[in-house]
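The next block holds one structure in the form of structure tokens; read it before the comments.
The values are calculated or read from the model by the stated rules, or taken from the named source; none is laboratory data. Every value quoted in this text rests on a predicted model; they were computed, and no experiment measured them. Cβ: placed from backbone, ideal geometry, glycine included. Neighbour counts: every protein chain shown. Calculation scope for accessible area: heavy atoms of the full protein, side chains included, ligands and nucleic acids excluded. Shrake-Rupley method; radii C 1.70, N 1.55, O 1.52, S 1.80 Å.
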Amino acid sequence: MQRTLNEISEIVKGKVKGDGNIVITGFSGLQEATQGDVTFIDNPKYLSLAENTKASAIITKKNILVKNKTL
């Protein structure tokens, strides 16, 4: 699979914050992700892991806060 964030955003009916032209090549958990992967957060208790992930993108619920920055 190779899709841009903009393409993935259209599929999941989401909104991209940042560079929508980044190419995503895989999907992994927050801790296992590497560059080119997309990951997700659905529970705020995992927000601290988001700061150290190597994922190129994170899918979240609308308006999740990480250190006073809305994702």
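Filter the range 28-39 down to the residues that are surrounded by 17 or more Cβ atoms within 10 Å (Cβ to Cβ) and not small (G, A, S), then identify the one that is nearest to T60 (Cα to Cα).
Selected residue: T39.
Do we have I11 as at pLDDT below 95, surrounded by 15 or more Cβ atoms within 10 Å (Cβ to Cβ) and of a type in the set (A, V, I, L, M, F, W, C) here? Full working, then the answer.
Working: at pLDDT below 95: yes; surrounded by 15 or more Cβ atoms within 10 Å (Cβ to Cβ): no; of a type in the set (A, V, I, L, M, F, W, C): yes.
No: the conditions fail for I11.
For the range 52-71, enumerate the residues that are modelled with pLDDT of 85 or more and not basic (K, R).
Our first condition is that a residue be modelled with pLDDT of 85 or more; within the range 52-71, this holds for 52-60.
N52, T53, A55, S56, A57, I58, I59, T60, listed by residue number.
Is it the case, given these coordinates, that L49 is closer than 18 Å to N63 by Cα, of a type in the set (A, V, I, L, M) and open to solvent by less than 70 Å² (accessible area, probe 1.4 Å)?
Numbers: closer than 18 Å to N63 by Cα: yes; of a type in the set (A, V, I, L, M): yes; open to solvent by less than 70 Å² (accessible area, probe 1.4 Å): yes.
When the stated conditions are applied, L49 passes them.
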